[in-house]
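Asker: Handing you this structure, nothing more for now.
Just so you know, all these numbers are worked out from the coordinates, no wet-lab data involved. Please read all numbers here as calculations on a predicted model, not as lab measurements. Cβ coordinates were reconstructed from backbone atoms using ideal geometry, including for glycine residues, and neighbour counts include every protein chain displayed.
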Amino acid sequence: MSIAEVRCHRLRAPLHTPFVTALRRTEHLETTVVEVVDDEGRRGYGEAPQVWRVTGESLAGAEACLSGPLADLVRGRPLDDLAGLARDLEGAVVGNWGAKAAMDVALHDLAAQAAGVSLVELLGGPSGEQRVPTDVTVSSGEPDEIAATTTKRTAEGFTVLKLKVGTDAATDVARVRAVRDAAPDARIRVDANQGWTPHEAIRVIRALEDAGLGIEFVEQPVERYDVDGLARVTEAVDTPVMADESVFAPRDLAAVIERRAADLVNVKLAKCGGLGVARDLLETARAAGMGTIVGSMMEGPIGVGAAAALVAAVGTSHVSDLDAAWWAASSPVSGGATYDGGVIVLPAGAGLGIGGLA
């Protein structure tokens with residue numbers, strides 16, 4: 001079996017609710033999907049999201065990378081050399097992590113189908129339908145809006161809530177209190193998306209601690225390249241601190257570990273470039289005593305399904321952050337990962353279980 005064709009598609013789906021963070025506001029899910037076809041007609045899918053403020057990648061750039069150098073690399077190659085293909089993808093182009101992750105996932109999807117197993121099984125996990133818990137994001141807003149949203153999300157079955165903060169340090173504590181008052185039994189984590197200075201982060205996190213609001217962890221409080229500032233925050237507060245935008249590649253994680261800059265790490269396929277690298281990051285963090293989750297960008301069931309399969313296969317210390325596809329008003333694909341309240345359901349069929357593009 002060898003790779004015969006590589007095709008690119010753009011998917012766009014409206015969100016049922018605007019997604020608002022310290023970095024951006026979006027009302028649509030927009031991604032590039034790569035479809036890899038083998039010489040027996042099987043189709044594997046991967047997804048590259050557009051997140052200008054995090055990875056700097058665009059849909060057009062992902063399409064150019066996928067249909068150009070990455071397609072040239074894989075076309076005609078045997079599928080049974082999956083490890084070699086994945087290794088070659090890592091070094092094929094500089095950056096372009098989302099595009100490389102999309103191709104890597106599509107190849108894994110195709111290989112799993114050829115073997116007659118799910119992606120979870122291909123990655124060493126159990127067979128059958130898998131259920132992977134996820135948090136849900138509560139977008140940034142005014143406290144009364146946040147309280148109403150929190151009540152709605154818990155009624156929909158979510159028990160782990162991630163509040164977006166960092167837009168206004170002066171009122172962030174009031175926002176968190178609104179979530180806690182509306183969901184006294186929920187697990188709450190907050191994500192500043194690089195929105196604070198180290199001084200602001202320490203002040204706000206200490207205020208959250210003094211208020212007894214029971215925060216599970218604070219994600220990426222400071223600018224991504226300020227690893228020293230991240231370390232200063234981590235050392236100064238009792239609440240665990242998670243690195244997200246600060247960790248793309250293994251060298252980034254090594255720097256965070258060396259400086260003891262964070263207690264946990266959020267691993268995302270579109271940041272690191274593929275399932276193998278993501279697995280290595282999780283294992284390295286675990287060996288260093290760090291907590292782990294797997295997250296996603298604004299992706300559909302293809303990207304979320306691949307990330308959830310990784311969680312089902314290798315595990316994480318904390319509930320992961322894979323609600324992205326839930327925000328779409330309708331699925332842009334047929335089949336694949338679905339949601340049952342705060343749980344992602346991965347089908348038992350071969351590969352990712354994607355039947356086609358809507």
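Asker: Could you tell me what percent of the DSSP beta bridges with both partners in the chain are antiparallel, to the nearest 5? Spell out each step's value before the answer.
Answerer: Values: 32 of 55 bridges.
Counting only bridges with both partners in the chain, antiparallel ones make up about 60 percent.
Asker: While we're on this one: Just flag the GluC sites (Glu not before Pro) in the range 1-63 sitting in loop per DSSP whose Cβ has no more than 12 other Cβ atoms within 10 Å. Let's see the in-between values first.
Answerer: Working: sites: GLU5, GLU27, GLU30, GLU35, GLU40, GLU47, GLU57, GLU63; in loops: GLU40, GLU57.
Sparse-neighbourhood loop GluC sites (Glu not before Pro): GLU40.
Asker: Provide, for the chain, the number of lysine pairs with alpha carbons under 18 Å apart, each pair being eight or more places apart or on different chains.
Answerer: Working: LYS100/LYS268; LYS100/LYS271; LYS152/LYS162; LYS152/LYS164; LYS162/LYS268; LYS164/LYS268.
Total qualifying Lys-Lys pairs in the chain comes to 6.
Asker: Could I ask something else about it? Kirkwood Rh and Cα-based Rg: tell me the resulting Rg over Rh for the range 3-116, rounded to two decimals. Mind showing how you got there, number by number?
Answerer: Numbers: Rg = 14.8 Å, Rh = 14.6 Å.
That ratio equals 1.02.
Asker: Spelling out what I want: for every residue of the range 282-296, take phi, set θ = phi - 60°, compute 6.51 cos²θ - 1.76 cosθ + 1.60 (Karplus), and round to whole Hz; glycine and proline get x.
Answerer: 4, 5, 5, 4, 4, 5, 8, x, 8, x, 9, 9, 10, x, 8
Asker: Follow-up. How large is the helix-only mean residue ellipticity at 222 nm for the chain, computed as the sum of -39500 (n - 2.57) over DSSP H runs with n ≥ 4, divided by its residue count, in deg cm²/dmol to the nearest 500?
Answerer: Values: 13 runs with 133 residues, N = 358.
Value at 222 nm, helices only, nearest 500: -11000 deg cm²/dmol.
Asker: Taking θ as phi - 60°, what are the ³J(HN,Hα) couplings along the range 260-273 by the Karplus curve (6.51, -1.76, 1.60), each to the nearest whole Hz, with x for Gly and Pro?
Answerer: Along the range 260-273, the couplings run 6, 7, 8, 9, 9, 9, 9, 9, 10, 4, 6, 8, 9, x Hz.
Asker: Starting with the fewest neighbours, write out ASP80, ASP238 ranked by other beta-carbon atoms found within 10 Å of each beta-carbon.
Answerer: ASP238, ASP80
Asker: So, by mean Cβ neighbours within 10 angstrom, what's the order for 191-202, 300-311 with the highest one leading? Spell out each step's value before the answer.
Answerer: Numbers: 191-202: 21.8, 300-311: 30.0.
Put in order of decreasing packing, that is 300-311, 191-202.
Asker: Which percent of Cα pairs goes in each bin when the distances of the range 207-248 are cut into 5 angstrom slices starting at zero?
Answerer: Final binned percentages: 6, 23, 33, 20, 12, 6, 1.
Asker: Report the longest stretch of the chain that contains none of the trypsin sites (Lys or Arg not before Pro) sitting in a DSSP loop with at most 15 other Cβ atoms within 10 Å.
Answerer: Details: sites that count: ARG24, ARG53, ARG75, ARG260.
Free of exposed loop sites, the longest segment is 76-259.
Asker: At q = 0.11, 0.13 Å⁻¹, what log₁₀ I(q)/I(0) does a Debye calculation on the Cα points of the chain give, no solvent, two decimals?
Answerer: Ignoring solvent entirely, the Cα scatterers give -0.69, -0.96.
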